[in-house]
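*Asks:* I'd like to ask some things about the structure below.
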Amino acid sequence: MNYGEIKNYDIANGLGVRVSLFVSGCTHHCKGCFNPMTWDFSYGKPFTRETADELLKMLEPSYIDGLTLLGGEPFEPDNQRGLLPFVREVRERFPNKDIWCYTGYLLDEELLKPSRARCEATDELLSLIDVLVDGEFVQEKKNISLSFRGSENQRLIDLPVTLRTGEIHLINEKFGLR
């Protein structure tokens, strides 16, 4: 797996101050994508043990609220396989920090049902994520007043509650987000 960028002290991609990892590789190719260079799976640098250690170090300070995964597309099967051991380690080392993930795939239609996105890593990776922002970016539904997403079709899903109940639960109401 490759990554295009790492952002420390990110306040745009989730609640609080975050460390964000932009993975490379995406087959959605959304019109108006803010990061089209990351569509290429070879873009950027290889995600190595040193990269993981760097991210873990960035996550250590108490003022860092959590990790955000975006891209590219974290739920491309090759990226899931690359991310799973790292996300597992983040969850073990920092149980009080949350993990957000942005995906163009729909949770209930593509990630929880047979699709090209599902692989042997999908269910465990989903179980380690707190907030899933799902749905492709749709240029015609772009709305800059939305919290933590770019188009009105995208959802901020409370993933632990959703997986436990089997019904989509949004965090919008929980945190008073638009």
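Each reported figure results from applying straightforward, stated rules to the coordinates on display, with no laboratory input. Remember, it's a predicted structure, so these values are computed and weren't measured experimentally. Positions of Cβ are backbone-derived with ideal geometry, glycine not excepted, and every protein chain shown enters the neighbour counts.
*Asks:* Would you mind classifying the chain by shape? Square roots of the alpha carbon gyration tensor eigenvalues, ordered a ≥ b ≥ c; an a/c under 1.5 is rounded, otherwise it is prolate if a/b is larger than b/c and oblate if not.
*Replies:* Because its axes are fairly even, with a/c under 1.5, the chain counts as rounded.
*Asks:* Order 64-74, 127-137, 155-165 from most to least packed using the mean count of other Cβ atoms within 10 Å.
*Replies:* With the highest mean Cβ count within 10 Å placed first, the list reads 64-74, 127-137, 155-165.
*Asks:* Please tell me the relative contact order of the chain in percent, rounded to the nearest whole number, where contacts are Cα pairs under 8 Å and at least six residues apart.
*Replies:* 18 percent
*Asks:* Rank D78, D98, D53 by mean-square fluctuation in a GNM of the chain with C-alpha springs under 10 angstrom and give only the top-ranked residue.
*Replies:* Fluctuation is largest for D53.
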